[in-house]
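The values are calculated or read from the model by the stated rules, or taken from the named source; none is laboratory data. Here the structure is a predicted model, which is why all the values come from computation and not from measurement. Backbone-built Cβ (ideal geometry, glycine too); neighbour counts: all protein chains shown.
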Amino acid sequence: MTYGFVVYYRFKLLTPEEAKKAREFWAKFRSESWPKDLEIVGDYKHAWGTEWNGWLLVEAENPATFFEFWPLFRDKTRWYIDNTRTVIGLKNKPDEWMH
């Protein structure tokens, strides 16, 4: 089974210097510290129609991968991410739709 995690996020109000630092942090963190068993399927900059600044879509075969990683991620991004919400689901296989 493949688990999907939609993670909505909202930024804190940042100065231009802080925003630059946050972008640099994210690029480095994503390339160097992101678990290989937790795939980023999509990284969306806007969530129009909501109070969120954007969202990530990540997938893992084992949900423990996400749950073990998430506290570390939140601790490292807390300085520039104000809040998050996560929606979790199971990915349908084409032949299992509506079953």
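Brief remarks on what is shown
- Lone qualifier among G42, G4 - being touching a residue at least 24 places away in the same chain (Cβ under 8 Å) and more than 17 Å from R74 (Cα to Cα): G4
- Tallying residues that are hydroxyl-bearing (S, T, Y) and touching a Pro at 6+ places or on another chain (Cβ under 8 Å) within the range 35-82 yields 1.
- Looking only at the range 58-99, and only at residues there that are over 17 Å from D43 (Cα atoms) and hydrophobic (A, V, I, L, M, F, W, C), the one that is modelled with the lowest pLDDT: M98
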